[in-house]
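First comes the structure, then the notes that go with it.
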Amino acid sequence: MMKQTLSKLLLLAVLATGVQSAQADNITVNGTSRSYNVIVPKNLGENRPLLIFCHGYNQDAGWMQNSEFKNDNVSMEAVCDTAKFVCVFPNGIDRAWDVGGDRDINFIKAIIEKMVTDHKIDRNRIYLGGFSMGGMLTYNAINKMHNIIAAFVSCSGPSVVTPSSSTRPIPLLHIQGTADNFGGVQPALNPWIKHNGCPTTDKVVSNYNGFSGAKMHTWGPGNNGVEVKLLELADKGHWICKEPQVYTGKEIWNFCKKYSLELKNPQVRITSPQSSLRFVTLGGHSSEASVKMTATASDPDGQVTKLEFYDGSKLVDSTDKTSSTITIEGLTVGTHQLRAVATDDEGRTGEAMVTVTVEEPTGNYIYSKVFENFEGGVPAGWMTYDGDEKRVGDCNGFSQGSRVFHLTGDPHAFEWGLYTRNKEGRANAGYARYASKESTTTLTLLPGNYQLTHRLANWNCADFSPVRIAVETIAGVTVHEETVTPTSNIGNSASNAFSGVTTDNFRFDVNEAGRYQVTFYTADAPWADLVIGPTALKYMGAVSAITDATREAPASSRYYDLQGRPVEHPVKGLYIMDGKKVIK
């Protein structure tokens, strides 16, 4: 009797909430009958949101809804009913999706039109997501449906595209377990982080929602307040997370509901700098960094009355113009969030932000650290050239040519390496360079003695191919160079074992404070190559000991600079005379 009473009470509770089970339906698209399941809460009302979520390979809509989006505590039906939005689970053809073409893009568009007709859906609040192959379809849709879909979600679905036709910032949530090729996720997100004008340094919430091992990474806010998020699930594999603390259906809705295509707030875009900047100074304290910043603003339903510039919470400048360029000075060591904030005639605000990092390392500055988790790309601060194509970081998505390798052989002398090659063998036509003038990193070296440490290998040169390492001014004048020949060849596959890589270093002097770059050149031979492993710079102290410099050299002596070039009219400084360093 007690069990029967409880069952009736539970049934009444379910009926009272208005939860409605998904209904199957069909629609004809390009002459083909396509099917889907749809959840429509009772008492939906008009102008409510729509979420479309696509299953993985060899799955279907029913499995996605009833197996992956349901547990003992909550279901997608309950989430839909509470928030009052329609949810559609489409079926792919042969349980798969066209992740590069338009076949299933047209299917999604047809579903949207059907939902608008049947349920008076709000066109400004339509969201798209998918699991696994459905997540790949979601990424494909970003460039093709960016003016139709307000926000996108991928669960364990790798990116298959980078921003191309999208003209607006794209809200994006990616959910992935660490046991499911997690290392490739952030590199795939980086182009979208950059496209959105988001800070390249993420904010991390550990033990997210009280769930041990869950981390929420957030890059943002960027332009128009848009964020890119990555929900990291420790030790999870290729499946949907259904734990009560981190129920995927709720996470998707809580992210998407913040976004709409209907813009009312002012829109702000920082046009310079277009991405995060890094200023690194070795050898002591430099003058404080300064950044020239340009921002433009517009208002979709009124006019912009004020455009303000901030360093964090500190107001730097204000104007009544919709476009302005200012110089923000006095940026000290640390991370600075430079913001442009617009206010409209209704008091609404919008903002964009760019991150500037100022560093003065005192120990080893490991500038190869950015290789980690950047497989298939050239990371920020670096650029490569192979005689044919120049790649300036932060860029990725490459399966050929210069790029970071994740080296997984057993054993492997190092795990992450930046590869480049010299396709035609022309002089200086194959290199990887750190802190070039094209990059977003500025490397300042103050006068002193430095040590450069490196580990190098060849990629596909069994007879070994030498590498020339040059410390250069930003104008390309060589301060010091060394040529080394790697002692290990990886063998043209990232999964090959390799060992025997030596750790080499050399010392050099810098006599004039300025901006410098470090370049690793391949040999001048066709298909000569190199792979850069861990590499670091360290300030070692004052310039090298000076011999025979207890008195000033005679004015009639022949002077040479530290690179061996004759100096006709020397000024005060350090020179070479008769093979020894002297002071004038």
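Put a dot 7 Å past the Cα of SER323, heading toward its Cβ, do the same for GLU512, and the two dots end up 3.7 nm apart.
Give a quick list of trypsin sites (Lys or Arg not before Pro) in the range 287-396 that DSSP marks as loop, anything other than H, G, I, E or B, with at most 13 other Cβ atoms within 10 Å.
Values: sites: LYS292, LYS306, LYS314, LYS321, ARG339, ARG348, LYS369, LYS390, ARG391; in loops: LYS321, ARG348.
Answer by residue number: LYS321.
Below 18 Å, Cα to Cα, which aspartates and glutamates can LYS250 reach? Residues fewer than 8 away in the same chain don't count. Counting by Cα, and skipping residues close in sequence, LYS250 has these aspartates and glutamates nearby: GLU68, ASP72, GLU77, ASP81, GLU227, GLU232.
Compute the accessible area per residue over the chain, keeping the other protein chains in place, probe 1.4 Å, unit Å². All intermediate terms of the calculation are to be shown ahead of the outcome.
Values: 25620 Å² over 584 residues.
I get 44 Å² per residue for the chain.
In the chain, a dipole from Cβ-located charges (positive for Lys and Arg, negative for Asp and Glu) runs towards its positive end, and of SER286, ILE52, ALA413 it is ILE52 whose Cα lies farthest in that direction.
If you place +1 on the Cβ of every Lys and Arg, -1 on the Cβ of every Asp and Glu, and leave all else neutral, what size is the dipole of the chain about its Cα centre, to the nearest 20 Debye? List each step's numbers first, then the result.
Values: 55 positive and 60 negative charges, 128 e Å.
About 620 debye.
Only protein heavy atoms count here; under a 1.4 Å probe, MET216 has an accessible surface of about 10 Å².
With loop membership from DSSP and a limit of 16 other Cβ atoms within 10 Å, the longest segment of the chain without GluC sites (Glu not before Pro) is 47-261. Maximal additional length on extending the GLN274-THR502 stretch stands at 78.2 nm, based on 0.36 nm per residue less the C-alpha distance.
Leaving out ligands, DNA and RNA, and with a 1.4 Å probe, what % of the accessible surface on the chain is carbon or sulfur? Before the final figure, lay out the partial values.
Details: 12240 of 25620 Å².
So the carbon and sulfur contribution to the accessible surface is 48 percent.
Rounded to two decimals, the Cα radius of gyration of the range 200-252 over 2.2 N^0.38 Å is 1.20.
Estimated purely from DSSP H runs of n ≥ 4, each contributing -39500 (n - 2.57), the mean residue ellipticity at 222 nm for the chain is -4000 deg cm²/dmol once divided by its residues.
For the chain, the residue among VAL205, ILE252, TYR516 whose Cα projects farthest onto the positive side of the dipole built from Cβ charges is ILE252.
About the Cα centre, and with charges only on the beta carbon of Lys, Arg (+1) and Asp, Glu (-1), how big is the dipole of the range 84-128? Nearest 20 debye, please.
Working: 8 positive and 7 negative charges, 54 e Å.
Dipole of the range 84-128, to the nearest 20 debye: 260 debye.
The label-point distance for VAL205 and GLU359, in a model that sets each label 7 Å from Cα toward Cβ, rounds to 2.8 nm.
Once R0 is set to 45 Å, what does the formula 1/(1 + (r/R0)^6) return for the Cβ-Cβ distance between VAL116 and GLU389, expressed as a FRET efficiency to the nearest 0.05?
Efficiency for this residue pair is about 0.50.
Using the alpha carbons of the chain, what is the convex hull volume per residue in cubic angstrom, as a whole number?
Dividing the Cα hull volume of the chain by its residue count gives 195 Å³.
Using a Förster distance of 45 angstrom, determine the FRET efficiency expected from the C-beta separation of ALA96 and LYS437, and round it to 0.05. The value I calculate is 0.45.
A crude spin-label estimate for the pair LYS314 and ARG103, with each label 7 Å from Cα along the Cβ direction, gives 5.8 nm.
Can you bin the range 313-354 into rounded, prolate or oblate? Criterion: square roots of the alpha carbon gyration tensor eigenvalues sorted a ≥ b ≥ c, rounded for a/c under 1.5, prolate for a/b above b/c, oblate for the rest. Working shown, then result.
Working: a/c = 2.74, a/b = 1.82, b/c = 1.50.
It comes out prolate by the Cα gyration axes.
Among the listed pairs LYS120/LYS258; LYS229/LYS390; LYS292/LYS314, those whose Cα-Cα separation exceeds 26 Å are LYS229/LYS390. Charges on Cβ only, +1 for Lys and Arg, -1 for Asp and Glu, centred on the Cα centroid of the chain; of PHE89, VAL153, ILE490, which one is farthest towards the dipole's positive end? After comparing all options, I get PHE89.
Radius of gyration (Cα atoms) of the range 163-317, expressed as a multiple of 2.2 N^0.38 Å: 1.23.
Could you give the distance between the Cα centres of the range 403-441 and the range 277-354, to the whole Å? First find each Cα centre; the distance between them is then 34 Å.
The values are calculated or read from the model by the stated rules, or taken from the named source; none is laboratory data. The model shown is predicted, which means the values in this text are computed figures rather than measured ones. Cβ: placed from backbone, ideal geometry, glycine included. Neighbour counts: every protein chain shown. We work out accessible area using only protein heavy atoms, side chains counted, and drop any ligands, DNA or RNA first. Shrake-Rupley method; radii C 1.70, N 1.55, O 1.52, S 1.80 Å.
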